[in-house]
Amino acid sequence: MSGRREEILDAAVAIADESGLNAVSMRAVAARVGVTPMALYPHIGSKDALLDGMIGWLLAELLPEGDAPADWRDRLGAFAHAARSMGRAHPWAAVLLASRPGITPAAVRTIDGIYAALLQAGVPPREVPRLERMVSTFIIGFAASEAGGRFSPGTLAPRARRGQLPDGDLPAHAELAPWLDGPADWDAEFAADLEDLQRMIEAVAARG
């Protein structure tokens, strides 16, 4: 990556961190870098190319330093935890990652690492693209939900939340009330979800 291109992407990420993804524009990035908007085009191309470059910037953060873990479970786990940390550091990132394909070199290398882990797990090649999409969707979705506040309890106490439920029987809610009202350990839940994903991958490998 050229020095100017890297500077442009760093500026775009900084703007998104400060003001949200919608604040990222060619004009805003140019002002941050100290050039005219037209001066960006030789280095970054269009606004779409800028967004693609930001995806590459994000996914480059997920590439392991040095050699990747030898075991496929550790490789997927490292990717998942790095992606979750990235979502916390850049709350807008999951929305961008879920809205566009990864086509930059860093994005392709990241996906290739997931492909390699699934192949090492024994997943039949025909099933690898599907499982990569499933694994990536879970990780990005968890990060987006956590960063966006979907997992937060909100401002109401459990009893007040129950008071807002619609009229009529909600037998499943009633049965699950002790677990719905209790505090959640998101670290433990994320770890359990990863273990379930690993078991599913092993099941597909065994079936194949």
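The values are calculated or read from the model by the stated rules, or taken from the named source; none is laboratory data. From a predicted model like this one, the values you see are computed outputs, not experimental measurements. All Cβ positions, even for glycine, are placed from backbone atoms using ideal geometry, and neighbour counts span all protein chains on display.
More than 10 Å from the chain's Cα centre (by Cα) and not β-branched (Val, Ile, Thr): which single residue out of Ala98, Ala117, Ala144 fits that description? Before you say what the answer is, go through the steps one by one.
Numbers: Ala98 fails: more than 10 Å from the chain's Cα centre (by Cα); Ala144 fails: more than 10 Å from the chain's Cα centre (by Cα).
Ala117 is the lone residue from the list that is more than 10 Å from the chain's Cα centre (by Cα) and not β-branched (Val, Ile, Thr).
When Arg27 is evaluated against the numbered criteria (1) among the charged types (D, E, K, R); (2) more than 19 Å from Ala144 (Cβ to Cβ); (3) assigned by TED's automatic domain parsing to the domain that holds Arg199, which criterion, by number, is the only one it fails?
The single condition Arg27 does not satisfy is (3).
I'm trying to understand the selection: among the residues of region 49-99, which are under 25 Å from Val128 (Cα atoms) and among the aromatic types (Phe, Trp, Tyr)?
Of everything in region 49-99, those that are under 25 Å from Val128 (Cα atoms) and among the aromatic types (Phe, Trp, Tyr) turn out to be Trp57, Trp72, Phe79.
Under 8 Å between Cβ atoms, at least 6 apart or on separate chains: pull out the pairs that start in region 171-191 with a residue that is exposed (fewer than 11 other Cβ atoms within 10 Å of the Cβ) and end on any residue that is small (Gly, Ala, Ser).
none
Please enumerate the residues belonging to region 1-29 that are farther than 21 Å from His90 by Cβ and not hydroxyl-bearing (Ser, Thr, Tyr). Explain how you work it out, then say what you get.
Within region 1-29, the first condition is being farther than 21 Å from His90 by Cβ, and the residues that meet it are 2-4, 27.
Across region 1-29, the qualifying residues are Gly3, Arg4, Arg27.
Just one of Ala98, Ala116, Ala80, Ala121 is under 23 Å from Ala205 (Cβ atoms), of a type in the set (A, V, I, L, M), surrounded by fewer than 18 Cβ atoms within 10 Å (Cβ to Cβ) and in contact (Cβ under 8 Å) with a residue 40 or more places away in the chain; which is it? Outline the logic, then answer.
Details: Ala98 fails: under 23 Å from Ala205 (Cβ atoms); Ala80 fails: surrounded by fewer than 18 Cβ atoms within 10 Å (Cβ to Cβ); Ala121 fails: surrounded by fewer than 18 Cβ atoms within 10 Å (Cβ to Cβ).
None of the others qualify; the one that does is Ala116.
Do we find a residue being of a type in the set (Ser, Thr, Tyr), out of contact with any helix residue (DSSP H, G or I) (no Cβ under 8 Å at 6 or more places or on another chain) and either part of a helix (DSSP H, G or I) or farther than 30 Å from Asp193 by Cβ (or both) anywhere in region 20-40? Give the steps one after another, and end with the answer.
Kept after step one, since they are of a type in the set (Ser, Thr, Tyr), are these residues of region 20-40: 25, 36.
Okay, now just the ones that are also out of contact with any helix residue (DSSP H, G or I) (no Cβ under 8 Å at 6 or more places or on another chain), so none.
So far as region 20-40 goes, no, none of its residues is of a type in the set (Ser, Thr, Tyr), out of contact with any helix residue (DSSP H, G or I) (no Cβ under 8 Å at 6 or more places or on another chain) and either part of a helix (DSSP H, G or I) or farther than 30 Å from Asp193 by Cβ (or both).
Given the criterion surrounded by 14 or more Cβ atoms within 10 Å (Cβ to Cβ), more than 18 Å from the chain's Cα centre (by Cα) and not in a loop (DSSP other than H, G, I, E, B), identify the matching residue among Ile15, Ile55.
Values: Ile55 fails: more than 18 Å from the chain's Cα centre (by Cα).
The unique qualifying residue is Ile15.
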